[in-house]
1. Within the set of pairs 6+ apart or on separate chains, which have a first residue in segment 1-12 that is part of a loop (DSSP other than H, G, I, E, B), a second that is of a type in the set (A, V, I, L, M), and C-beta atoms under 9 Å apart?
2. Please name all residue pairs, on different chains or six or more residues apart, with Cβ atoms under 7 Å, provided the first residue is in segment 64-84 and is closer than 15 Å to Phe106 by Cα and the second residue is outside any helix (DSSP H, G or I).
3. Against the conditions (1) of a type outside the set (D, E, K, R); (2) part of a loop (DSSP other than H, G, I, E, B); (3) loosely packed, with under 10 Cβ neighbours inside 10 Å, where does Ser20 fall short? Just the number, please.
4. I'm trying to understand the selection: among the residues of segment 105-127, which are loosely packed, with under 12 Cβ neighbours inside 10 Å and either among the small types (Gly, Ala, Ser) or in a helix (DSSP H, G or I) (or both)?
5. For segment 61-104, how many residues are within 30 Å of the chain's Cα centre (by Cα), surrounded by 10 or more Cβ atoms within 10 Å (Cβ to Cβ) and among the aliphatic types (A, V, I, L, M)?
6. Would you mind finding the one in Leu27, Leu62 that is assigned to a helix (DSSP H, G or I), farther than 29 Å from Ile119 by Cβ and modelled with pLDDT under 90?
7. Residues that are within 19 Å of the chain's Cα centre (by Cα) and assigned to a helix (DSSP H, G or I): does segment 36-48 have at least one?
Amino acid sequence: MYGIREFQQSYIVQWVDKYSAQIPQLLKGDFPYKDKINVFYDKEIKTHMSRINDLEARIIPLEETQARADQEIQTLMKIRPSDFEQKLRKPEFVNDQLELYLNGCFAEWETIPIWFKQIIEQGAEDA
């Protein structure tokens with residue numbers, strides 16, 4: 001602390017440590033306004049727990065969508081420029097993954113997958 005001597009700071013730190021260590025035991029016993037404090041914080045805790053539960057319920061589908069997107073990304077990442085070079089050099093070379101890569105996560109003529117729509121919509125909301 002600024003403006004006090006080293007030994008004074010040492011005594012203050014010891015005093016704070018002594019009473020900090022006693023807090024759990026003091027909270028178990030009675031003290032003035034304990035009931036009012038407990039009622040107030042019980043309401044606060046319930047409010048926050050409810051909020052946490054709501055957010056966790058919203059996270060689960062987002063994580064599932066993220067996992068689906070990650071799966072598609074991993075599939076697309078398997079294709080390298082060398083795969084295209086090989087196809088150009090040897091047109092008879094068959095690689096089904098190239099076709100999948102060129103179509104992307106879904107072909108133009110296919111219906112847009114729900115998980116993809118969710119990502120696009122979430123991106124628009126976040127923008």
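The values are calculated or read from the model by the stated rules, or taken from the named source; none is laboratory data. Since the structure is predicted, the reported quantities are computational estimates derived from the model, not experimental observations. All Cβ positions, glycine included, derive from the backbone under ideal geometry; neighbour counts span all protein chains shown.
1. Matching pairs, first to second residue: Met1/Ile12; Ile4/Ile12.
2. Here the result reads Glu72/Cys105, each pair linking segment 64-84 to a residue that is outside any helix (DSSP H, G or I).
3. Unmet condition: (2).
4. Result: Ala107, Ile114, Ile120, Glu121, Gly123, Ala124, Glu125, Asp126, Ala127.
5. 6
6. None of the other options fit; the residue is Leu27.
7. yes
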